[in-house]
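Structure first, commentary second.
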């Protein structure tokens, strides 16, 4: 029996060695598969992030394009607005009440529509001259000391669209 026990003891390590080799091979394969899986997951996450960036950027570009188109359209309407203002000034001294009211009605409707789209006139008369909002056409002697460096008259009204300058106010500055 002692020989039999010795043979069994000797056989067991021989049988365990192939199992250990199989276990080692399986662990290596598992490690390789885990590495491949993590690499593929990393690729997927990067691709998803890149797609999200592309989607966000293209939606921002679409909004900018719509905003630019709106700004161009409104910029094209500014001469009409200027003409309405000039017509109202000319009709101020006129005895034709209907013409005055009709012009004022057209001007007010146009101005209200443009204001609803984000257009605001730049207040300039009596304000200190600011190159961020005003374009000086000329300087004239100021009527008083406190009017030096301030806008004396507005030649053409300036406008802002949603906080951005659409057209600078053309002004006459006191020197």
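So which of 76, 67, 102 ends up being over 31 Å from the mean Cα position of the chain (by Cα) and closer than 29 Å to residue 155 by Cβ? Break it down into steps so the answer makes sense when it comes.
Details: 76 fails: over 31 Å from the mean Cα position of the chain (by Cα); 67 fails: over 31 Å from the mean Cα position of the chain (by Cα).
Exactly one of 76, 67, 102 is over 31 Å from the mean Cα position of the chain (by Cα) and closer than 29 Å to residue 155 by Cβ, namely 102.
Out of (1) in contact (Cβ under 8 Å) with a residue 40 or more places away in the chain; (2) exposed (fewer than 14 other Cβ atoms within 10 Å of the Cβ); (3) over 20 Å from the mean Cα position of the chain (by Cα), the odd one out for residue 162 is which?
(3)
Test of understanding: among 104, 99, 64, 87, which residue is in contact with a helix residue (DSSP H, G or I) (Cβ under 8 Å, 6 or more places away or on another chain), in a helix (DSSP H, G or I) and free of Cβ contacts under 8 Å to residues at least 12 places away in the same chain?
Only one candidate passes the filter, namely 99.
Sort through 86, 55 and tell me the only one that's over 21 Å from residue 162 (Cα atoms) and under 27 Å from the mean Cα position of the chain (by Cα).
Numbers: 86 fails: under 27 Å from the mean Cα position of the chain (by Cα).
55 is the lone residue from the list that is over 21 Å from residue 162 (Cα atoms) and under 27 Å from the mean Cα position of the chain (by Cα).
Out of the residues in the stretch 136-159 meeting the condition of being closer than 17 Å to residue 79 by Cβ and surrounded by 15 or more Cβ atoms within 10 Å (Cβ to Cβ), tell me which one is nearest to the chain's Cα centre (by Cα). Reasoning before the result, please.
First, pick out the residues of the stretch 136-159 that are closer than 17 Å to residue 79 by Cβ: 154-159.
If we keep only those that are surrounded by 15 or more Cβ atoms within 10 Å (Cβ to Cβ) too, we end up with 154, 156-159.
Numbers: 154: 31, 156: 29, 157: 26, 158: 23, 159: 20 Å.
The selected residue is 159.
Here are the criteria: (1) on the phi > 0 side of the Ramachandran plot; (2) surrounded by 12 or more Cβ atoms within 10 Å (Cβ to Cβ). Tell me which single one residue 127 does not satisfy.
Unmet condition: (1).
Quick note: the coordinates plus some simple rules give every number you see, no bench work behind them. From a predicted model like this one, the values you see are computed outputs, not experimental measurements. Heads up, the Cβs are rebuilt from the backbone with ideal geometry, glycines too, and the neighbour counts pull from every protein chain shown.
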